[in-house]
Amino acid sequence: MDKTDELNELRRIIGLHKRWDFLFMITGIIALMIAILTFIALFAQMLIDGMPRLSWDFFTSFPSRRPESAGILSAWVGTTLVMLVTAATAVPLGVGAGVYLEEYAPKNIFTEILEINVTNLAGVPSIIYGLLALGLFVYQLGLGQSILSAGLALALLILPVVIVATREAIRSIPVAIREGAYALGATKWQTVYDHLLPYSSAGILTGIIIGLARAIGETAPIITIGALTFIAFLPPSPITEGFPYISFEWLTAPFTVMPIQMFNWVSRPEEAFQLNAAAAGLVLVVMTLTMNGLAIYLRYRMRKNIKW
Amino acid sequence: MSDKLDKNKNYAGRLGYSYRRNLRERLIESVLFLSAALSVVIMLSIVVMLVKESFVFFQHVSLWDFLTDTQWTPLFDDAHYGILPLVAGTVVSSTVALLVALPLGTIIAIYLSEFAPFSVREIAKPFLELLGGIPTVVYGYFALLFVTPLLQMIFPTLPGFSLLSAGLVMGIMIIPYVSSMTEDAMRAVPMHLREGSYAMGATRFQTAIRVVMPAAFSGIAAAYILGISRAVGETMVVAIAAGMQPNLTWNPMEPAATITAYIVQVSLGDLPHGSIGYQTIFAAGLTLLLMTLVFNIIGHVLRKRYREIY
């Protein structure tokens, strides 16, 4: 075999392997397309079924036996109130835990247990949190099947998300910032409060939004608590006429939330109710997509703007 | 210089040891520590709660019956407490889901990390993330009202509720989790390994399969394990699209209940606190927790054993 033959043989082999490269690239694009097409089909299906039902009345009416006049008023009010409880609980606890693990925790076995535990909590199925809430909040602590129980259950569920986001955001701040603060005589807390938290706020906010978006769509834990699916009244208003103008009675009120309302309509055999489910699903998807989109945008801006 | 210092007579007091300042620091540290320690409390209370209620349950029903009886009818007069049908439903639906999610997720990850141009990656990654953020109840609706009718065109005998359509949709739902974690693991492999491979004349595909994937094995294993525990613990898709009738079958074309779907079904009804029906959902929950725990431990071991450090 002379030199040109050898070269041609090599070329042939490389060409053969490059064909595999090309084939795989096509496969990759097809796989990506399957995911994208599913999303489009899902959105289109809901848009076609649900769009005609979406009107002002749909947002301002209670659920009803007659599908044409049923609406999601009690559901979106319930979702809003539950999210208030969830955010008020998960944000301080999650950020506090994240700050502790990243800045304060000594290197010992207990810290290691804490870290492994947070990872494990993130892997616990959401319905298990529902069982915990049913046993602990609803019966043991006697909070009942209330907005408070549901909000706390979802707060526990998204706690790992907030903790991990806080840790990552704080970790990305260079050590020089801390050293600078300490050199000026700042205490640890002054360093954290005046420097680390403000600089990592965008990252923490991203984590909080993603966590809350997940909580809005969670159905299983709330069903497990025993939320009613048919609620034709609103919880008591948080603002009252007389003194002291603020009431916390709504915390103990029975409630329903968006995903439960949707689940209830989906599981009915009549087609008219399934159209309602599509409309409720559309509202729900737009809510979570907006929140997730906001988080992605925040992260994108952060990556562009911050250069240490 | 010394004149200036003398004017500020109080400087030693301000910079020196301050009792109040120290106390505040300690106080804040303990508050932060408590919020971190709460995660351990949560984990412990999950275990205690499930074990406590299951303990009462197992005084009624022997563990042997629980594991070997082939019927699960706790709410009927002729009550049977065999977890097997629920476990079978969970295994079948998860298997279908993983057959979709693991290959597709891996292919997407390899494509995005090794092949795709920068602009495609910048668009595809956030898009996949959005897909992962859609509520599961919406996926359930999609499985029941879009995928099942579609599958019925191909398999006319498919019933209205089936593990197959629930599993397929669950698989697509899990793709973003698998692909984003796998891709992160692959991109963490240092560039010089790839450059070495290219220098030897390997193509992109060869490099991806024989160099990058083995190097990222521990991360990819973690991604797969996460996908598995997601599939096992997924609730709403199976509750809506697979029916809620316990049915001991390994055939994905049949309707059946999973462990999670059973818990939902019981919770929808009005069960008195402390009844045997109430305890069954905790026993089912404990089974589910143990299943996911086993996978988490396997994942932990794999990560430890195969971790590559560069």
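Across the range A:250-262, not a single residue is classified as assigned to a loop (DSSP other than H, G, I, E, B), surrounded by fewer than 24 Cβ atoms within 10 Å (Cβ to Cβ) and at pLDDT below 70. Yes or no: the range A:41-57 includes at least one residue that is among the aromatic types (Phe, Trp, Tyr) and either away from every other protein chain (no Cβ under 14 Å) or not in a helix (DSSP H, G or I) (or both). Within the range A:41-57 (the criterion being among the aromatic types (Phe, Trp, Tyr) and either away from every other protein chain (no Cβ under 14 Å) or not in a helix (DSSP H, G or I) (or both)), the answer is yes, since at least one residue qualifies. Pick from the range A:100-114 the residues that are under 25 Å from residue A:194 (Cα atoms) and among the hydrophobic types (A, V, I, L, M, F, W, C): which of them is nearest to the other protein chains (Cβ to nearest Cβ)? The extreme case among them is A:101. Residue count for the range B:186-200 under the criterion of being more than 15 Å from residue B:110 (Cα to Cα), touching a helix residue (DSSP H, G or I) at 6+ places or on another chain (Cβ under 7 Å) and more than 13 Å from chain A (Cβ to nearest Cβ): the result is 1. Listed conditions (1) more than 16 Å from residue B:257 (Cβ to Cβ); (2) touching a strand residue (DSSP E or B) at 6+ places or on another chain (Cβ under 9 Å) are all met by residue B:83, apart from (1).
Is it the case that the range B:285-306 has a residue that's of a type in the set (Phe, Trp, Tyr), assigned to a helix (DSSP H, G or I), under 28 Å from residue A:265 (Cα atoms) and within 10 Å of chain A (Cβ to nearest Cβ)? Within the range B:285-306, none of the residues are of a type in the set (Phe, Trp, Tyr), assigned to a helix (DSSP H, G or I), under 28 Å from residue A:265 (Cα atoms) and within 10 Å of chain A (Cβ to nearest Cβ). Residue A:219 meets all of the listed conditions (1) surrounded by fewer than 24 Cβ atoms within 10 Å (Cβ to Cβ); (2) at pLDDT below 90 but one, namely (1). Just checking, which of B:223, B:199, B:283, B:257 is in contact (Cβ under 8 Å) with a residue 40 or more places away in the chain and out of contact with any strand residue (DSSP E or B) (no Cβ under 9 Å at 6 or more places or on another chain)? Answer to the check: B:223. Taken together, B:57, B:33 contain a single residue that is buried (at least 16 other Cβ atoms within 10 Å of the Cβ), of a type in the set (A, V, I, L, M, F, W, C), under 28 Å from the mean Cα position of the chain (by Cα) and at pLDDT below 90, which is B:57. Using the structure shown, decide if residue B:256 is assigned by TED's automatic domain parsing to the domain that holds residue B:160, buried (at least 20 other Cβ atoms within 10 Å of the Cβ) and in a helix (DSSP H, G or I). No: the conditions fail for residue B:256.
Results for (1) within 14 Å of chain A (Cβ to nearest Cβ); (2) within 15 Å of the chain's Cα centre (by Cα); (3) closer than 22 Å to residue B:168 by Cβ; (4) of a type in the set (Ser, Thr, Tyr), shown as yes or no for each residue.
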| position | (1), (2), (3), (4) |
| --- | --- |
| B:202 | yes, no, no, no |
| B:237 | yes, yes, yes, no |
| B:240 | yes, no, yes, no |
| B:243 | yes, no, yes, no |
| B:250 | no, no, yes, no |
| B:253 | no, no, yes, no |
| B:258 | yes, no, yes, yes |
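The values are calculated or read from the model by the stated rules, or taken from the named source; none is laboratory data. For clarity, every value in this text was computed on a predicted model and none was experimentally measured. Neighbour counts run over all protein chains shown; Cβ positions are idealised from the backbone, glycine included.
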